[in-house]
Amino acid sequence: MSPDTRVAVAEVAELPPGARKLVEVEGKSIGLFNVNGTVVAILNACPHELAPVCRGRVTGTTLPSPPGEFRWGRDGEILCCPWHGWEFDLLTGEALADKRRLRTYPVTVEGGTVYVQV
Amino acid sequence: MALPYPVVDTDIHNVVSARRIQECLAEPWRSRYAAGSRGPGHLGYWNPNGVMRSDTTLPDGSKLEGSPDGLATEFLGRYGIDIGILNPAGTLHMGLSPDPDYAAAVCHAENRVVADDWLTADPRYRASITIAPNDPHQAADEIHRWAGHPGFVQVLMCSGARMPYGQRYYHPIYEAAAAHGLPVAIHPGTEGIGIAYPSTPAGYPSTYFEWHTGLVMNYIAHLVSLVCEGVFIRFPALRFVFIEGGVSWLPPVLWRFDKNWKALRQSTPWLERPPSEIAADHVRLTTQPIEEPPSSTRCSACSPPRGC
């Protein structure tokens, strides 16, 4: 990422692990999430029906398991859309049960500032 | 968002204040309601995402669906909705209470609050008259009470039932609705609770996911009953609305229905034309939540016939 195409969107101190911040960058609503120490930037539009997905719950999920068994995991890594409940992997943008994915943007952290390249 | 047609949201789940319902109840019902007896209870199926949208908190911390003004501004206004039909969340299940008098009282109180607090708040609001079908005569009285109010545009009852909705027991409801030109709608959520039968003919499913997917079985049973029992022959003005039950099941059910009619129509001689034609004239479905096949062209079989 060349420094001149990135936009400063937050101070690192605003985004401790588990925190989120909604920002406007060049007319786009973007959600910043600190996922267990990694900051990610996601377009606030669900690829299903354009819901404000970044207002959804951040949670874990049930991991693959045989019938009748339940294994909880990935706490803090899963974003649930507030309209229809689709689950997304915050670290990759992929939906857990569909081919569509979140639009993500490269993030850099430098000198205590979070930058997003839009 | 200028569209060449009006946008109607057919199924807005506003939340009517329980405190206001309580105020509108006479004793002995008021004390019962205040003590927390608000219906026949739920089976405990759990939607991990919640049933209501989770992004509807207003800046002051209140919930959008609980505020007549907030819903008008932040929902109708924001999404360009010209008409919004209020189907209040929370009281439909009274129709499956074993106590029909209490159910009728709570439905009436809720309709009163809708008329006083909601229909007065914005001209885009319309509402359903909520009734409890566990006493069809009291339900018919409730329809007559509100039918003259221009804000009430349909009758609403739970889709969970203890017998299929075409049967004669329910006809006082249809007679009253047809007399006022009001459609009768059903809405899911109550399958298997209270005095209803299990949500599937096979028995109780285990999860909300399974329960929700199987709701269509109940809708199919009601549709076939309404047509076969001749409800639309007895009440030619009646229209019936299947809310929130999906749409994709309808074409194959009607194909099967028409085929069987050709062989078995002598058991329902009042059906002088194919069931699919009767359904097309009298039945409407709402589209949310619509099924999502891999290709949207697969939905073409669900398109209504020309002229509907």
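All of the numbers you see were taken from the coordinates with simple rules; none came from a lab. Here the structure is a predicted model, which is why all the values come from computation and not from measurement. As a convention, Cβ positions derive from the backbone with ideal geometry for all residues, glycine included, and neighbour counts pool all protein chains shown.
Among A:Pro17, A:Pro66, A:Pro47, the residue with the largest mean-square fluctuation in a Gaussian network model of chain A, with springs joining Cα atoms closer than 10 Å, is A:Pro66. Residues B:Val15, A:Val39, arranged from fewest to most other Cβ atoms within 10 angstrom of their Cβ, appear as B:Val15, A:Val39.
Within the listed set B:Leu250, B:Leu25, B:Leu264, the Gaussian network model of chain B (springs between alpha-carbon atoms below 10 Å) gives the highest mean-square fluctuation for B:Leu264. Give, as a single signed number, the net charge of other residues whose beta carbon lies under 15 Å from the beta carbon of B:Ile173, with Lys and Arg counted +1 and Asp and Glu -1. For residues surrounding B:Ile173, the net value is 0. Each Lys or Arg adds one and each Asp or Glu takes one away; over the other residues whose Cβ falls under 15 Å from the Cβ of A:Pro82, this sums to +1. Within the set of other residues whose C-beta is less than 13 Å from the C-beta of B:Val216, count the net charge using Lys and Arg as +1 and Asp and Glu as -1. Cβ neighbours under 13 Å give a net charge of -4.
With 0.36 nm allotted per residue and the present C-alpha distance subtracted, the B:Tyr204-B:Ser248 stretch has 13.5 nm of extension available. Modelled spin labels at B:Leu3 and B:Asp116, positioned 7 Å past Cα toward Cβ, are 3.5 nm from each other. Taking a point 7 Å out from the Cα of B:Glu272 in the direction of its Cβ, the residues of the stretch B:208-242 whose backbone N falls within less than 18 Å of it are B:227-238. A Förster radius of 45 Å, combined with the Cβ-Cβ distance separating A:Ala13 from B:Arg145, puts the computed FRET efficiency at roughly 0.15.
Taking only Cα atoms and a 10 Å spring cutoff, compute GNM fluctuations for chain A and point out the largest among A:Val25, A:Val35, A:Val107. Largest GNM mean-square fluctuation: A:Val25.
Amide H contacts under 5 Å for B:Leu285: B:Phe242, restricted to partners 5 or more places along the chain or on a different chain, H placed in the peptide plane at 1.01 Å from N.
Less than 5 angstrom separates the built amide H of B:Ala185 from those of B:Val155, B:Leu156, B:Met157, B:Val241, all sequence-distant by 5 or more or on a different chain.
Can you list the trypsin sites (Lys or Arg not before Pro) in the stretch B:145-220 that are in a DSSP coil and have 16 or fewer other beta carbons within 10 angstrom? Walk me through the intermediate numbers first.
Numbers: sites: B:Arg145, B:Arg162, B:Arg168; in loops: B:Arg162.
Answer in residue order: B:Arg162.
Here the Karplus curve 6.51 cos²θ - 1.76 cosθ + 1.60, taken at θ = phi - 60°, turns the phi angles of the stretch B:18-24 into couplings of 5, 5, 5, 4, 4, 5, 8 Hz, with x standing for Gly and Pro.
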